[in-house]
Amino acid sequence: MWAVFAVLSAVFAALTSILAKVGIENVNSNLATAVRTVVVVIMAWGMVFVTHAQNGIMTISRKSWIFLILSGLATGASWLCYYRALQTGEASKVVPIDKLSVVITFALAVIFLHEEFTAKSLIGVLLITAGTLLMVL
């Protein structure tokens, strides 16, 4: 089931990029990010209440709170930078560079989470990097 959600995530991320590029025309990129964020917050809390997960908030550990907050700050910084880049650059060039996050995530996962590093994953990382360079140069 995770693969289905991963594919849907990619489809929605692609739609996000195209819709955002059109939506930020003549709009300050920080303001556009704030509007998008409000929509995401409403949608996320809506899902919490629809799935009756709101009671779980009391069971979140201190460590989880810290890392979720840090993740939220990283997301906010990412979105602010992404919208600014999208506003001033071509979507077909901004998005592939943004997706280098796959390569960076892999490196961080190996370093900090001690996830497996294999020849296959190295080849994949090199191909993603090469593909990104081909798309943006």
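Quick one: compute the contact order of the chain, relative version, from alpha carbon pairs under 8 angstrom and 6+ residues apart, as a percent.
Computed over the chain, the figure is 30 percent.
How far apart, in nanometres, would the label points at Q54 and F117 be if each is projected 7 angstrom from Cα along the Cα-to-Cβ direction?
It works out to 4.6 nm between the two label points.
Once you order the gyration tensor axes a ≥ b ≥ c over the Cα atoms, which shape class does segment 66-137 get: rounded for a/c under 1.5, otherwise prolate or oblate by comparing a/b with b/c?
oblate
Among H52, V136, V103, whose Cα lies farthest out toward the positive end of the dipole of the chain, if unit charges sit on the beta carbon of Lys, Arg (+1) and Asp, Glu (-1)?
H52
Under a cut-off of 29 Å between alpha-carbon atoms, report the lysines in cross-link reach of K93, not counting same-chain residues fewer than 8 places apart.
The reachable lysines, counting only those whose Cα sits under 29 Å from K93, are K21, K120.
How big is the charge dipole of the chain about its Cα centre, in debye rounded to the nearest 20, if each Lys and Arg gets +1 on its Cβ and each Asp and Glu gets -1 on its Cβ? It would help to have the intermediate numbers written out before the result.
Numbers: 8 positive and 5 negative charges, 31 e Å.
Using only the charged Cβ atoms, the result is roughly 140 debye.
Considering the chain as a Gaussian network with a 10 Å cut-off on Cα pairs, which listed residue, A14, A91, A109, attains the greatest mean-square fluctuation?
Looking only at A14, A91, A109, the biggest GNM fluctuation is shown by A109.
For the chain, what is one quarter of the convex hull surface built on the Cα atoms, given in nm²?
Mean orientational projected area (the chain, Cα hull): 10.3 nm².
Which whole-angstrom value gives the distance between the alpha carbon centres of segment 1-20 and segment 60-137?
Distance between centres, Cα-based: 15 Å.
Throughout, read-outs are computed from the coordinates displayed, never taken from laboratory work. Since the structure is predicted, the reported quantities are computational estimates derived from the model, not experimental observations. Positions of Cβ are generated from backbone atoms using ideal geometry, with glycine treated the same way; all protein chains shown enter the neighbour counts.
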